[in-house]
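*Asks:* Take this structure first; my questions come after.
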Amino acid sequence: MRLQKVLAQAGLGSRRACEELIDRGRVEVNGQRVREQGLRVDPDRDEIKVDGLTVETQGHLFFALNKPEGVVSTMEDPDGRQCLGDYVTNRETRLFHVGRLDTETEGIILLTNHGELAHRLTHPRYGVTKTYLASIVGPIPRDLGKRLKEGIELEDGFARADSFRVVENVGRNYLVEVSLHEGRKHIVRRMLAEAGFPVDRLVRTKFGPIALGDQKPGWLRRLTITEVGMLMREVGL
């Protein structure tokens with residue numbers, strides 16, 4: 001199979017866009033930089049890299065969705081509620097979500113058909129960090145971040161934040177950022193509530209190295225090859 005066709009099938013763009021990747025010297029086959037068009041490769045045998053990252057050639061798909069508030073974190077819902085599957089219609093390959101977000105929580109959630117990557121991203125062993133913005137009402141004590149990082153005792157054990165900072169403060173209204181690698185249900189809401197600050201609104205802004213950025217609520221986007229490589233490295237794949 002010709003190299004540009006393999007790249008296109010791996011989701012790196014149109015055939016022409018993939019030819020441009022080759023022209024610019026961004027593609028390697030078995031450790032050798034390729035600049036000629038039409039090189040024949042075997043996707044099952046040859047190691048193909050773009051910008052130093054191995055190309056997924058087995059039909060794997062990777063997406064980031066900005067989940068709106070009120071959407072259920074399932075691909076289907078028997079009760080007819082709005083769910084993640086409503087945003088990925090007309091796709092032949094079945095996708096599944098990487099972890100969950102509470103129905104009332106907004107923000108980034110990953111969708112893929114790569115089972116091993118999804119498993120590692122959610123397994124406690126790999127400690128993938130998630131970052132959230134929470135709206136709370138103050139005033140808040142100076143040692144709140146220290147308390148969260150030292151650990152808050154919940155009914156199912158201690159929970160600790162990796163980092164905490166105040167992003168914005170207008171009067172008594174605070175926007176705070178909390179990062180942690182915990183994956184328990186409602187963990188950020190429970191930690192802040194136990195500390196005396198119930199959450200009014202919660203948005204997950206990062207999952208590992210993948211940031212929400214300016215992606216609008218309800219928008220689904222395909223991850224770039226660089227982002228996929230970052231996720232793979234995060235969990236040792």
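The values are calculated or read from the model by the stated rules, or taken from the named source; none is laboratory data. Worth saying up front: this structure is predicted, and the values here are computed from it rather than measured. Cβ: placed from backbone, ideal geometry, glycine included. Neighbour counts: every protein chain shown.
*Asks:* Considering (1) closer than 30 Å to C83 by Cβ; (2) modelled with pLDDT of 95 or more; (3) not acidic (D, E), say which one V235 fails and leave the rest.
*Replies:* (2)
*Asks:* Could I ask something else about it? With (1) free of Cβ contacts under 8 Å to residues at least 24 places away in the same chain; (2) in the same structural domain as R172 (by TED's automatic domain parsing) as the list, and L144 as the residue in question, which single condition is left unmet?
*Replies:* Condition not satisfied by L144: (1).
*Asks:* Hey, A8 hits all of (1) assigned to a loop (DSSP other than H, G, I, E, B); (2) at pLDDT below 85 but one; which does it fall short on?
*Replies:* Here A8 meets the rest and fails (1).
*Asks:* Then there's this: Output the residues belonging to region 185-231 that are loosely packed, with under 14 Cβ neighbours inside 10 Å, closer than 22 Å to K146 by Cα and without any contact (Cβ under 8 Å) to a residue 60 or more places away in the chain.
*Replies:* Residue satisfying the conditions is G196 alone.
Yes/no per residue for (1) out of contact with any Cys (no Cβ under 7 Å at 6 or more places or on another chain); (2) of a type in the set (S, T, N, Q); (3) part of a helix (DSSP H, G or I):
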position	(1), (2), (3)
F158	yes, no, no
V166	yes, no, no
N169	yes, yes, no
Y174	yes, no, no
V178	yes, no, no
K185	yes, no, no
V188	yes, no, yes
M191	yes, no, yes
G196	yes, no, no
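*Asks:* Now for a separate question. Looking at region 168-186, is at least one residue among the β-branched types (V, I, T), touching an Asp or Glu at 6+ places or on another chain (Cβ under 8 Å) and within 26 Å of E234 (Cβ to Cβ)? I'd like the intermediate steps shown before the answer.
*Replies:* If we filter region 168-186 for residues that are among the β-branched types (V, I, T), which is where we start, we get 170, 176, 178.
With the extra rule that they be touching an Asp or Glu at 6+ places or on another chain (Cβ under 8 Å), the set shrinks to none.
Scanning region 168-186, I find no residue that is among the β-branched types (V, I, T), touching an Asp or Glu at 6+ places or on another chain (Cβ under 8 Å) and within 26 Å of E234 (Cβ to Cβ), so the answer is no.
*Asks:* Oh, and also: Which residue, of F158, F164, is free of Cβ contacts under 8 Å to residues at least 24 places away in the same chain, touching a Leu at 6+ places or on another chain (Cβ under 6 Å), of a type in the set (A, V, I, L, M, F, W, C) and not assigned by TED's automatic domain parsing to the domain that holds T105? Give the derivation first.
*Replies:* Working: F158 fails: touching a Leu at 6+ places or on another chain (Cβ under 6 Å).
Being free of Cβ contacts under 8 Å to residues at least 24 places away in the same chain, touching a Leu at 6+ places or on another chain (Cβ under 6 Å), of a type in the set (A, V, I, L, M, F, W, C) and not assigned by TED's automatic domain parsing to the domain that holds T105 holds for just one of F158, F164, which is F164.
*Asks:* Let me ask something additional. What number of residues within region 198-223 satisfy the criterion of being outside any loop (DSSP other than H, G, I, E, B) and of a type in the set (F, W, Y)?
*Replies:* 1
*Asks:* When both residues are 6+ apart or on different chains and their Cβ atoms are under 7 Å apart, which pairs have a first residue that lies in region 1-22 and is free of Cβ contacts under 8 Å to residues at least 24 places away in the same chain, and a second that is of a type in the set (V, I, T) and not in a helix (DSSP H, G or I)?
*Replies:* Final answer for the pair search is I22/V34.
*Asks:* Please determine, by comparing only the residues of region 156-187 that are closer than 24 Å to R125 by Cα and aromatic (F, W, Y), which one is modelled with the lowest pLDDT. Full working, then the answer.
*Replies:* Just the residues of region 156-187 that are closer than 24 Å to R125 by Cα, to begin with: 156-164, 177-187.
With aromatic (F, W, Y) added as a condition, the list becomes 158, 164.
Working: F158: 92, F164: 97.
Out of the qualifying residues, it is F158.
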